[in-house]
Amino acid sequence: MAKPIALAFSLCLLVLFQSCLAAHQQFQSSKQNECQLDQLRAREPDNRIETEAGRIESWDYNQDDFQCAGVAVQRITIERNGLHLPSYSHAPQLTYIVQGNGFLSTVFPGCPETFEESEQSDEEQGQQQWQGQQGRHGQQGRGQQEQEEYEQQGRGQRGQQGRHRQQGRHSQQGQESFEQLDRHQKVRRIREGDVIAIPAGVTYWSYNDGDQPLVTINLLDIGNQQNQLDRNPRRFYLAGNPQDEFNQQGQSQSSRGQQGQSQWDQDQQQQRGRSGHQQQQGGRSRHQQQQGNNNNIFAGFNTQLLADSLNIDQQTAQQLQGQNDNRPQIVRVKGRLDFVQPAESEQEERQQQGIQRQQGQGRNGFEETFCNFRIKENIGRPSRADVFSPQAGRISTLNSFKLPILRHLDLSAERGFLYNNAIYSPHWNLNAHEVYYVIRGSARVQVVNNNGQAILDNEVRQGQLFIVPQNHAVLHKASNNGFEYIAFKTQDNAKINTLAGRTSVLRALPDVVLANAYQIDRQQARTLKYNRQETIALSSSRSPRSHRNWWDIAEMFV
C-alpha cells in the first residue's frame, strides 16, 4: 500500500519539476528573443500627463528595445513652486537633472530624522545671515549697532513666544498638549548636472524653488533583480490622486493639458463642486466606491482602520486618502515650502567637494552606513571630466567607485559633451545596455548588430531617446551644433571596448594579424593602428581645428 502512494507522489513531483523547468526555459527564451532586434529608433515620449504644477512624460516601455534593456524612462517637469508628491517604485532609479534646481529628499526606512528644529534656530540663522551681509558690505561700525538692535528685537519676540506657549500650556491643564518641533530626514539641494540614485522601495519627493522649470530624466531599471514583480513599471504614491504615468493611451491625457493652466483650474473647481456632497462613510474604503481609478496607497485601506492605525480622527484619515483631492502627482504649493535645512554656503560646499575628491580614491563604500549613503553626484561640470580633448569635447562617467550606492542599484551613468563634428569612438558595451537621452544639439548615430547590419542610422536630436543593447557597436558624430547627452547603463561598473583611438582593440592586435584579417600590407596595418592618438573623444578630420563652439566659450567662465 505504501509503495503505490510513494510512486504516485514521486510522479507528481517529477511532473511538477518538468513543468516548472519548461516554464523557466520558456521565460528565458522569450527574454532572449526580446533582444533579437532588426531595427532601432530615436523616440519622442509617447504619454503625457499635465498636472497642476508640471507634467510627466514617458516612453512606451512595451517597445522591443525597451523590453530588451529592461528599462522604463520618464521626463518630469516641475514648474516653479511645484511639489512632486512622495512616491516610491518597485525598481531602482537613476535621475539626472537636465535643467533648474530645487530640493529632493529620500526616506530610508528605519533611519533617524537628522534634520530638526530648535528654539534657537531662528536666532542663529538670523545672525548668520546678518554676518554674511555685513561681510559683503564691510560696514563694521554701523553693523555692530544694527546687530545689537536685531538681537534685542529677537529676544523680545522669543520672550513673547515663550509667554504665549506658557499661557497655552496653563490654559490646557488636564490635557496632554505640547508644541512638537519638526524633525525629518535629510533634504538635499539638487542642481543641473546632478545624478541621483534612488533604491527600490525608497520614498522620495522633490520641490522646485527656482525661477525656471525643474526638468529631470528618470530611468527605472525594471529588469533589475531587486524588482520581484513583473516588467510593468509602477509608481506607488503616498498622496494625491495620481494618474497612470505609463498609460500608452497618452493622447486622451495630454489633450486636457494642452488646453492650459486655466482649463485645469476650471476642471478642479467643477470636480470640487461635484464632490462636495459625496462624503464617504467612515467604515468604507475608497476602493469600494472608486474602483478602476488610480489613487494613493492610503485610499485602499478602510478609513476607520487607517484612523486607528495612525491614532488620528476619521476626517484626517479621509484627507490622507484624498477623498476630496483630485490633484495628480505634481501640486502647486501655497506660499513657499518651509522645512528644516542648514544655511547654504558656497565656500563650504566647495571645500566639501574638495574633501570628497581627495577621499574618493581610497573609498570603498564600507565606511558609509545605510542611513548616510551619498545618493547624488554632479557630473555636468567641466572639472568632473574623465576624458577631455580641446578639439573634440569631454566625457564624465559615474560608477560605483565614485558613488558606492550604485553598487546596490547595479546602475551607472555617463555625461557627454561633443563639440562641432566631433566623434565618439566606435565602441561596444561589454556588460551593459545603454539608454541615451539627447539634452542639446544633434548627432548622427549608427548602431550595428552581430550580423553587421545597421539597425539604427539616423540623426538624433534634442529631447529624443534611443537604446544601445549590450555588445552592439555604436558610433556618434556630432552635428555643427554639437551633441550633449546623458546615458544610463544597466551595470554599476559598465565597461566599453573601442574600435578607434589609442586604447582600441585594433591597436592591441599585432600588425600581421590585421594585415591577414583585412588583406592589407603591414604598412597599412600600422597606419590603421597608429593614425589616431586620441582615446575616446575624437576630432573630425573634416572640421577645422581652430573652430570653437559655444561650449568652449562657456567652459572658460566655469
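The values are calculated or read from the model by the stated rules, or taken from the named source; none is laboratory data. Bear in mind the structure is a predicted one, so any value in this text is a computation, not a measurement. Counting neighbours? That spans all protein chains shown, and the Cβs are built from the backbone with ideal geometry, glycine included. Heavy atoms of the whole protein, side chains included, go into the accessibility calculation; ligands, DNA and RNA do not. Shrake-Rupley method; radii C 1.70, N 1.55, O 1.52, S 1.80 Å.
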Worksheet item: Can you list, bin by bin at 5 Å, the percent of alpha carbon pairs in region 67-108, starting at 0?
Response: 5, 13, 27, 26, 16, 8, 4, 0
Response to the item:
Scoring only Lys, Arg, Asp and Glu (+1, +1, -1, -1) among other residues with Cβ under 11 Å from the Cβ of residue 490 yields -3
Item to complete: Provide the solvent-accessible area of residue 183, counting protein heavy atoms only and rolling a 1.4 Å probe, rounded to the nearest 10 Å².
Response: 140
Item to complete: Grab the beta carbon distance between residue 509 and residue 226, set R0 = 51 Å, and tell me the FRET efficiency rounded to 0.05.
Response: 0.80
Worksheet item: Spin-label point model (7 Å from Cα, Cβ direction): what's the residue 518 to residue 457 distance in nm?
Response: 1.9
Worksheet item: So what J values fall out for region 512-525 if you push phi through Karplus, 6.51 cos²θ - 1.76 cosθ + 1.60 with θ = phi - 60°, rounded to Hz, Gly and Pro as x?
Response: 5, 5, 5, 4, 6, 5, 10, 6, 10, 7, 5, 5, 5, 5
Practice prompt. Using all C-alpha to C-alpha distances in region 449-519, build P(r) with 5 Å bins and read off the rounded percent in each one.
Written response: 3, 10, 17, 20, 22, 14, 7, 5, 1, 0
Fill in: Added length on full extension, which subtracts the Cα-Cα distance from 0.36 nm per residue, residue 502 to residue 99
141.6 nm
Practice prompt. Could you compute the FRET efficiency for residue 308 and residue 180, with r as their C-beta to C-beta distance and R0 at 30 Å, rounded to 0.05?
Written response: 0.90
Worksheet entry | residue 298 accessible area, 1.4 Å probe, all protein chains in place, Å² to nearest 10 | 50
